[in-house]
Amino acid sequence: MPAITVPDIMVLPRLPRPTEPTRERSVRSISTADKQREGAGFEVRRPFPSTDLRSADPFILLDQMGPVAYEPHEAKGAPWHPHRGFETVTYMLDGTMVHHDSNGGGGVISEGDTQWMTAGSGILHDEVPPEELVISGGWFHGIQLWVNLPHVLKMAAPRYQDLRGSELTLVSSHDGSALVRLIAGDIGGFAGPGSTYTPIAYAHASISPGGQLETPWPQRFTAMAYVLSGSGTVGAEHRPVHEGQLAVFGRGDSITVSADARQHNPTGELEVLLLGGQPINEPVVQYGPFVMNTRAEIIRAVEDFQAGRMGNIPAEHVAGKHLGE
């Protein structure tokens, strides 16, 4: 990590520096991600959902998978399971992930790639490490984000987007001290390649030691910064943050993230996710892989899944060989 970079950051287009009258967002809260097991038993760091899900709106969940060095036959994935009512976004920093779904979508994503799956009305999918990673072991590090859908789009047709790392929009901070990879949405007049139903902004920034990223941020969006690796400060108050912590910003027109002068991590830079979006401001009822507005809609989702109305596992995956055989 990071997977996508450039030999000379100074050749990149630059984010505009927020103007003097711009209102910088203050920091509302800083929290540390919980650790738990997911899928077939792999560990994740989960900064949200927390007790205050409203501050994450329009997002439902963020999982950091790794970084971890798997031993041979140790890597695990998420076997076939359903989703309804939202979108999953998987961004890879190290290693490789293989995805299949009941709608015919899927593929292989490696360092810097993103897969964007709109579950909508319902879909079955799996996300597993490739056979070679299972057999030989190796590094793995990925991020999964769940983006909520408003009521009118909960039953949208499923779709899949495969975004290569080379498609990400690369820009630098105004002074060249930070590299920003735009995955989706618009930041400072630059747009990422991801096509979203819910308006969001999503980026991965690498900030040089002692550097500072000051960037405009859509006023109507929520704003958060999650530290993947390294340490620094956030906001005008220079609140300290470190690996595994999430900063939630208040209202305003711009955000600031600064890197400590020394970084004790593999890249030597502060690695941070920037994310936010237009709040949906609707009731959220979640039951495992289903995210709807009411309990009745959750019951319907469970019934539809049990009746096979969310699709079927493709025949070639029903009785496939075990990895490593």
Open item on the list: Between a residue in the stretch 233-262 that is under 18 Å from Ile187 (Cβ atoms) and without any contact (Cβ under 8 Å) to a residue 60 or more places away in the chain and any residue that is surrounded by fewer than 22 Cβ atoms within 10 Å (Cβ to Cβ) and hydroxyl-bearing (Ser, Thr, Tyr), which pairs come within a Cβ distance under 6 Å, given they are 6 or more apart or on different chains?
Closed with: Ser258/Thr233
Task: Residues of the stretch 179-203 that turn out to be among the small types (Gly, Ala, Ser), under 18 Å from Tyr226 (Cβ atoms) and either without any contact (Cβ under 8 Å) to a residue 60 or more places away in the chain or outside any strand (DSSP E or B) (or both), as a count - done: 2
TODO: Note down all Cβ pairs under 6 Å where the first residue falls in the stretch 121-136 and is closer than 18 Å to Glu38 by Cα, the second is at pLDDT 85 or above and of a type in the set (D, E, K, R), and they're at least six residues apart or on different chains.
DONE: His125/Asp101
Open item on the list: surrounded by 20 or more Cβ atoms within 10 Å (Cβ to Cβ), more than 21 Å from the chain's Cα centre (by Cα) and either charged (D, E, K, R) or under 30 Å from Gly41 (Cβ atoms) (or both): which single residue out of Leu149, Leu133, Leu145 fits that description?
Closed with: Leu133
TODO: Search the stretch 29-56 for residues being buried (at least 16 other Cβ atoms within 10 Å of the Cβ), modelled with pLDDT of 90 or more and out of contact with any helix residue (DSSP H, G or I) (no Cβ under 6 Å at 6 or more places or on another chain), and hand back the single one that is farthest from His174 (Cα to Cα).
DONE: Val44
Open item on the list: With closer than 30 Å to Gly188 by Cβ, crowded, with 18+ Cβ neighbours inside 10 Å, in contact with a Lys or Arg (Cβ under 7 Å, 6 or more places away or on another chain) and not hydrophobic (A, V, I, L, M, F, W, C) as the only criterion, which of Asp94, Asp113 stands out?
Closed with: Asp113
Task: Matching residues, the stretch 92-145, being aliphatic (A, V, I, L, M) and in a loop (DSSP other than H, G, I, E, B) - done: Ala119
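The values are calculated or read from the model by the stated rules, or taken from the named source; none is laboratory data. Remember, predicted model here, so these are calculated numbers, not experimental data. Positions of Cβ are generated from backbone atoms using ideal geometry, with glycine treated the same way; all protein chains shown enter the neighbour counts.
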